[in-house]
Each structure stands twice: as C-alpha cells, then as structure tokens.
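For reference, the structure discussed in these notes is given below.
Every number here is computed from the coordinates shown, using simple stated rules; none is lab data. Because the structure is predicted, anything quoted here is derived from the model rather than measured. Neighbour counts are summed over all protein chains in view; Cβ atoms, including those assigned to glycine, are modelled from backbone coordinates with ideal geometry.
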Amino acid sequence: MDMGKCTILIVEDEPAIADILKVNLSFEGYEIFCASNVANAESLIKGKLPGLIILDWMLPGVSGITFAKRLRKEKRTSNTPIIMLTAKSFEKDKIEGLNVGCDDYIVKPFSLKELKARIKAVLRRRAPALTDDAVSILGLTIYPQTRKVMGNHQEIFLGLKEFNLLHFFMTHADRVHSRSYLLDQVWGDHIFVTERTVDVHIRRLRKALMSGDFHKLIQTVRGCGYKFISFKSDCHLHNLKSKG
C-alpha cells in the first residue's frame, strides 16, 4: 500500500458513473482503479490491495453485497474500508449493507461533494495513515501533505521509509505492531523483504528523532514488535524501567 496516497478501487458496472468517479477522485489525489464486476475486482486486488473500495450493490453475476461479505471473510481484505453505492433507499437495505461490514452507504443519485466527504470521513476513522491530516503527539508533528516533520519547532529530516513508518506509528499510537504487520502496512503486502528490514529502519528513525528525545516514544515490546506511545506517563514509566 502506497503510504500517503490512497488507492481506491471502484467496482461499478455503469461506465459513465465509473468514469465520472475516476476523473473527480483522481483530481483529489487518489490513485484510482476500476472494475466492472467482481471477477475483475478480485484480479485487481490480488495485484494491489486498495486503501478503500467503492462498491456498487447491483453488479452483474455476483452482487456487491455478496462480494462485501467475501471481502470481510478474507484476512487480507478484512479491514479494507468499503463504501457501498446503491439505488436501494429502504432502511432495511441500508441495515443489510452495514451488517455485512460496509463502512458507509450512499444512495444514488448522490453528489460528488458528499462522496468525497464520506471518503475522507471513512479514511479518517478506519485508515488515518492514508489521510493528509497533520498529527501531533507530545511536541512531535508530522505533515503528510508536505512530508515534513517538526519536533519542538525544529525540522527533523527523514528518509522516505522512515517518514512512512513514523506516520503509521503516529496514526496508530499506543498499539503493539508486529514486524510482519509493519511490513504489510508500510512496505506493502506484496513486497517481499525480511522482518529484519523493519529493525534497520526503526534504528534509523530513532537516530533521527534523538535530537528532541522523541526516540523514546518508540518502544520495543519483546517478542511482539514495536509500540509508539502518546502519553507522557507511559514514556516516563518506560524510562524508569530502562534505568532499572
């Protein structure tokens, strides 16, 4: 998955609608792929895992609702955000769409402005690492749109992978992430490198963050992986344990 640039898969069998969505969402900075049916969508997903899926309910062959169920059962796509597009406006249909795991439900016809707002809201809630929102934690601020990092009003210069790694940590703070999970989320689920690669880039990131003592925010959790902490009390406790 390309960090900082969300890939959106549009599964829509009406070419006119798919083209309009592709053009307008491309202008917003998203990388867009289109599929006219479930078979094509599955083929695209095998090649690259999208950051978000816009899925039409009424598709030829396999319906969007059936495909949504399938996506949620697969480990690789179980957490991929899904926005369902449909002409079905009854409450029971909306409930069915949400119950199968869709994150949002938009009834046709809809405005592009509304769809863009829904996409941003879903990403902010489900995949914050794919948004352009600035994130600040304990004096450390990262700006995805300009790829800039500031620590106590001083700029911190990072390599591409270190920047992506820090962005992921800061948007998923206080959770323990295994090396394999970090590889999938930061490097991409089709990138074949060893877990040792994560350790190398963690060391580089910590070294770059040492100037403001921000390296202490990245904790090693033995036997599990790494954790980025967002509370001073946690950082203080970690320092006491390290001294002990």
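Some notes on this structure:
- Distance from the C-alpha centroid of segment 1-55 to that of segment 109-187: 21 Å, rounded to the whole angstrom.
- 5 angstrom amide H check on residue 82, placed H, neighbours 5+ away: 53, 103, 104
- Based on C-alpha pairs under 8 angstrom that are at least 6 apart in sequence, the chain has a relative contact order of 15 percent.
- Evaluating 6.51 cos²θ - 1.76 cosθ + 1.60 at θ = phi - 60° for every residue in segment 196-210, the Karplus couplings come out as 4, 4, 4, 4, 4, 6, 4, 4, 5, 5, 4, 4, 5, 8, 5 Hz, glycine and proline recorded as x.
- Loop sites in segment 46-134: GluC sites (Glu not before Pro), DSSP, at most 15 other Cβ within 10 Å: 74
- Cleavage-rule hits, chymotrypsin sites (Phe, Trp or Tyr not before Pro), segment 128-184, DSSP coil, Cβ neighbours within 10 Å at most 12: 157
- For the chain, the mean residue ellipticity at 222 nm estimated from helices alone is -12500 deg cm²/dmol, where every DSSP H run of n ≥ 4 contributes -39500 (n - 2.57) and the total is divided by all residues, rounded to the nearest 500.
- Unit charges at the beta carbon, dipole of segment 135-243: most positive-side option, 188, 201, 144: 201
- Segment 135-243, dipole about Cα centre (Lys/Arg Cβ +1, Asp/Glu Cβ -1), debye to the nearest 20: 340
- Listed values for segment 119-132 are Karplus-derived 3J(HN,Hα) couplings in whole Hz (6.51 cos²θ - 1.76 cosθ + 1.60, θ = phi - 60°), namely 4, 4, 5, 5, 5, 4, 7, 9, 9, x, 5, 9, 9, 9, and x replaces Gly and Pro.
- Distant-in-sequence amide H partners of residue 32 (H built 1.01 Å from N, under 5 Å): 8
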